[in-house]
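The next block holds one structure in the form of structure tokens; read it before the comments.
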Amino acid sequence: MSLMLNLILSAIEVVPGVLNCRRRSCKLPEHGLDPRIARYITEAGFEGLFKVPNLEVDHALITALVERWRPETHTFHLPHGEMSITLQDIEVMLGVPVDGLPITGAVKMDWPTLCLELLGHRPPDPIPHPHENTSILAGARLRFTWLDALFSDRVSVLPLQFLNPISNAKRYSWGSGALAWLYRHLCKASESKAKQIGGAVMLVQLWAYSRFPLICPVMRLPLPPVEAGPLANRYVI
């Protein structure tokens, strides 16, 4: 416990502030998720990820680990040696499938038509330069405010090509793509001028809890057993 606390304190002392961890979160309705939507989640193979509880991000802990991240080796350099996050971690902790085809696909497609086919709505035509920032659709990035008031940021429509039909998603290794994307964000965040980090930051936090259990604020008791699912279910933050 003292080891990780020293890491956190040292990072806070050296860095003027902790990293801003970018993440998206949503609150389910009180009556639960509509069974019709839950069926699609199961068909896509993401039922394990859906069971991950909504945990509070520990920005100081993430910052401390980023301070120990080395882009040359993609590992955390700790006083007792090097450690890293693996495919097994993302599968066990978040329930994300790691077996299957790599996540590679086309980047130049007729995105408005694809949105119409799979989302049921066609976004307006892109706004040309210099006002492209106000455009609903910019390349493969879509502003969801036009589709649903609950979404307030742009998200990529690239994954849509893997979800036609929805059951096709089970053919791909989503864990591999998520882990590679996390490595990229860790490398960018380790730069001296970095102020934020994206990617699966919750995986970093859960990884730290599992490897250094004494720093976990609260942990579910072994009895009664927790619901079957990803390892993240055992933590109560």
Within the stretch 47-90, residues being within 19 Å of the chain's Cα centre (by Cα), surrounded by fewer than 19 Cβ atoms within 10 Å (Cβ to Cβ) and assigned to a loop (DSSP other than H, G, I, E, B) number 9
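For the stretch 180-212, give me the residue count where each residue is open to solvent by 10 Å² or more (accessible area, probe 1.4 Å) and touching a residue at least 40 places away in the same chain (Cβ under 8 Å).
Keep residues of the stretch 180-212 that are open to solvent by 10 Å² or more (accessible area, probe 1.4 Å), which gives 180-181, 183-185, 187-188, 190-196, 199-200, 202, 210-212.
With touching a residue at least 40 places away in the same chain (Cβ under 8 Å) added as a condition, the list becomes 183, 187, 190, 194-196, 200, 202, 210-212.
Selection size over the stretch 180-212: 11.
The values are calculated or read from the model by the stated rules, or taken from the named source; none is laboratory data. Keep in mind that what you see is a predicted model, and the values were worked out from it rather than measured. So basically every Cβ, Gly included, is an ideal-geometry build from the backbone, and we count neighbours across all protein chains shown. We work out accessible area using only protein heavy atoms, side chains counted, and drop any ligands, DNA or RNA first. Shrake-Rupley method; radii C 1.70, N 1.55, O 1.52, S 1.80 Å.
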